[in-house]
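A.B. asks: I'd like to ask you about the structure that follows.
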Amino acid sequence: MNVIFDLGKVLIDYDFGVFYRAINCKNKSLSITEAELPVLLFDAGKLSRHEFYLEMKELFDFDVEQEAFEHAWKNVFFPMNDMLDLSREIAQHHDVFILSNTDEIHFPHIWQEFPQLHHFGDNLMLSYELKSVKPDIEIFRLALAKFKLNLENCIFIDDKYENIEAARKYGMSAIWHQSFELSKQKLSNFLT
C-alpha cells in the first residue's frame, strides 16, 4: 500500500504569526488566508520568487527587502512529532510519499531543518514542481503518474477537507486528518 501524506498541519505545523511579526506588516488585519491567490500561484510554480515577494509586499504593506522577507517566510515551521513517528513506522512496511502544496522557498528549508522527514527519500510530490495545487484533481493525476502508482493502492491523508473531497472524487481512499489519534486509527483500519 502507498500512504501519501500532506505536509503542512499533518507532518509539519506552522505559525504565520511569526512571519507577520518578522516583516512588521502594516496591514495587520490580513491573514494568510487572504493571501491565498499569490500563495497558491507561488505554490503552483506560476510566480517567480521576486514576483511573489512583490505581490506579498503590496498585500501586506511591509518595508523589508526580499532576502529578509524570504527568511521570515520560511521560518514559521515546527515538527508534529507524533505524526512524523507514525509515518516512519508505516514506512517500515509500506511506501510513503509526501504530496504538498508548497513552494521553492518553504520546501528546501523544511527538508534541511527537519531530517525527521528524510525517510520519505525521493518520494516527493511537490506542487511547485508539478505545476498544480490541491484541490485541483490534476495534481493527483500528476503525482500518481510521477511514481506510476495505482489509484487503488493509495491512501491520502490531508488536514483540509476540500483536498480530501478532491482525492475521493479522483477515486483515491482518503483520511481527513483532525488529530493524531484519529488518523492513526483510520490508517490502521486501512492497512490491516
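A.B. asks: Expressed as an acute angle from 0 to 90° and rounded to the nearest 10, what is the orientation of the C-alpha long axis of helix 49-60 relative to the principal long axis of the chain?
C.D. replies: 70 degrees
A.B. asks: Is it possible to state the helix-based mean residue ellipticity at 222 nm for the chain, with each DSSP H run of 4+ residues giving -39500 (n - 2.57), the sum divided by total residues, to the nearest 500 deg cm²/dmol? What is it?
C.D. replies: Computed ellipticity for the chain at 222 nm equals -13500 deg cm²/dmol.
A.B. asks: Counting DSSP beta bridges in the chain, what percent are antiparallel, to the nearest 5?
C.D. replies: The antiparallel fraction comes to roughly 15 percent.
A.B. asks: Just check the range 131-192 against the gyration tensor rule for me: Cα atoms, a ≥ b ≥ c as the square roots of the eigenvalues, rounded for a/c under 1.5, and otherwise prolate or oblate depending on whether a/b exceeds b/c.
C.D. replies: Working: a/c = 2.40, a/b = 1.43, b/c = 1.68.
It is oblate, given that a/c is not under 1.5 and a/b is not larger than b/c.
A.B. asks: Sort 178-188, 117-127 by packing, meaning the average of other beta carbons within 10 Å per residue, with the highest value first. Spell out each step's value before the answer.
C.D. replies: Numbers: 178-188: 14.3, 117-127: 17.0.
Packing proxy ranking, top to bottom: 117-127, 178-188.
A.B. asks: Related question: Hey, how many Å between the Cα centroid of the range 85-102 and the Cα centroid of the range 20-50?
C.D. replies: 28 Å
A.B. asks: Relative to the longest principal axis of the chain, what angle (0 to 90°, nearest 10) does the C-alpha long axis of helix 180-191 take?
C.D. replies: Tilt of helix 180-191: around 40 degrees.
A.B. asks: How big is the dipole moment of the chain about its Cα centre under a simple scheme where the beta carbon of each Lys and Arg is +1, that of each Asp and Glu is -1, and everything else is neutral? Debye, nearest 20, please. Before the final figure, lay out the partial values.
C.D. replies: On the way: 19 positive and 31 negative charges, 96 e Å.
My answer is approximately 460 debye.
A.B. asks: To continue, here is another question. Based on the alpha-carbon gyration tensor of the range 1-47 and its eigenvalue square roots a ≥ b ≥ c, which shape applies: rounded if a/c is under 1.5, prolate if not and a/b is larger than b/c, or oblate? Could the numbers behind the result be given before it?
C.D. replies: Values: a/c = 3.14, a/b = 1.67, b/c = 1.88.
Because a/c hits 1.5 or more and a/b fails to exceed b/c, the range 1-47 counts as oblate.
A.B. asks: So if I place +1 on the C-beta of Lys and Arg and -1 on the C-beta of Asp and Glu, and nothing else carries charge, what would the dipole magnitude of the range 14-74 be about its Cα centre? I want it in debye, nearest 20. Walk me through the numbers on the way to the answer.
C.D. replies: Numbers: 7 positive and 12 negative charges, 24 e Å.
Using Cβ point charges on Lys, Arg, Asp and Glu, the range 14-74 gives about 120 debye.
A.B. asks: Here's something else I'd like to know. What's the angle, to the nearest 10 degrees (0 to 90), between helix 161-170's Cα axis and the longest principal axis of the chain?
C.D. replies: Between helix and principal axis, roughly 50 degrees.
Computed from the coordinates by the stated procedures, all read-outs in this text should not be read as laboratory data. Just so it is clear, the structure is predicted and the values come from calculations on it, not from any experiment. Backbone-built Cβ (ideal geometry, glycine too); neighbour counts: all protein chains shown.
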